[in-house]
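The values are calculated or read from the model by the stated rules, or taken from the named source; none is laboratory data. As the structure is a computational prediction, the values presented were derived from the model and not from experiment. Please note: Cβ atoms are built from the backbone with ideal geometry, for glycine as well, and neighbour counts cover all protein chains shown.
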Amino acid sequence: MRINTSPAPRTGLRTARIVRGAAAAVAAPLLLVACSSTDEPSSAAAVTITDQWVKAADGGMSAAFGDLSNADDRPRTVVSATSPAAGRIELHEVVAESNGTKTMRPKPGGFEIPAHGTTRLRPGGDHIMFMGLNGPLRTGSETSVTLTFDDGSTATFTAQVRDFAGNQENYAPDHANGDSSTGAQTPAHDG
């Protein structure tokens, strides 16, 4: 194989300089737009998750937990989530009933993360509910979760699967049977 080491002809060098100059002229306004202070960062860019984990389960249901922190000057809201580990995911809260029992239900409006604040997802509190697991979640394995924010941006994180004995809550409505019309309560999951 022979490599040509002779210098480029002057016309080729001049053409290369003109092309580079034209590319720089086109790119400069784009850089200014991208760096503009009027652009709002997306929720996905402002929110981080730490201490994330998912409860081990052989099948059925599970839940994800962690600390959602918002570095922005305005609140951010998680409105939905997905994961390859489950057929359906809901954002849940646990509320105390007047009789002392705890009831788990979808959280209206999602999880709001205050400006420069943290929202904690915990067993017995707000959590990301995995329903219709696509297979067992084994201790020590990992799964990904994608959060969708109210501005349409998304962020994906990986969570380790851990053992957890869990809390006992009731469902409202009857999520265990996939019926959201009855309002009946059924025995709880461990999240």
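Here is a check on your reading of the model: is Val78 hydrophobic (A, V, I, L, M, F, W, C) and within 14 Å of Val145 (Cβ to Cβ)?
yes
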Per-region count, region 90-109, residues of a type outside the set (Gly, Ala, Ser) and in a loop (DSSP other than H, G, I, E, B):
5
From the list Phe149, Phe111, exactly one residue is in contact with a helix residue (DSSP H, G or I) (Cβ under 8 Å, 6 or more places away or on another chain), assigned by TED's automatic domain parsing to the domain that holds Val54 and at pLDDT 95 or above. Which is it?
Phe149
Going through region 43-85 in order, the residues found to be among the basic types (Lys, Arg) and in contact (Cβ under 8 Å) with a residue 60 or more places away in the chain are Lys55, Arg76
Any residue at all in region 120-128 that's under 21 Å from Lys55 (Cβ atoms), part of a strand (DSSP E or B), of a type outside the set (A, V, I, L, M) and modelled with pLDDT of 95 or more?
yes
Can you find even one residue in region 160-180 that is over 19 Å from Ala57 (Cβ atoms), of a type outside the set (Phe, Trp, Tyr), in a loop (DSSP other than H, G, I, E, B) and at pLDDT 95 or above?
no
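Go through the residues of region 55-69 one by one and say whether even a single one is farther than 30 Å from Pro41 by Cα and basic (Lys, Arg). First the steps, then the outcome.
Within region 55-69, the subset farther than 30 Å from Pro41 by Cα is 55-62.
Subsequent filtering for residues that are basic (Lys, Arg) retains 55.
Yes, region 55-69 contains a residue that is farther than 30 Å from Pro41 by Cα and basic (Lys, Arg).
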From (1) free of Cβ contacts under 8 Å to residues at least 24 places away in the same chain; (2) crowded, with 16+ Cβ neighbours inside 10 Å, pick out the condition that doesn't hold for Ser98.
(2)
From the list Ser144, Ser153, which residue is surrounded by fewer than 19 Cβ atoms within 10 Å (Cβ to Cβ) and within 16 Å of Trp53 (Cα to Cα)?
Ser144
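Taking region 44-60 as the region of interest, how many residues are within 14 Å of Arg162 (Cα to Cα) and either touching a helix residue (DSSP H, G or I) at 6+ places or on another chain (Cβ under 6 Å) or part of a strand (DSSP E or B) (or both)?
Adding up the residues that qualify gives 6.
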Quick one: is Glu112 outside any loop (DSSP other than H, G, I, E, B) and more than 16 Å from the chain's Cα centre (by Cα)?
no
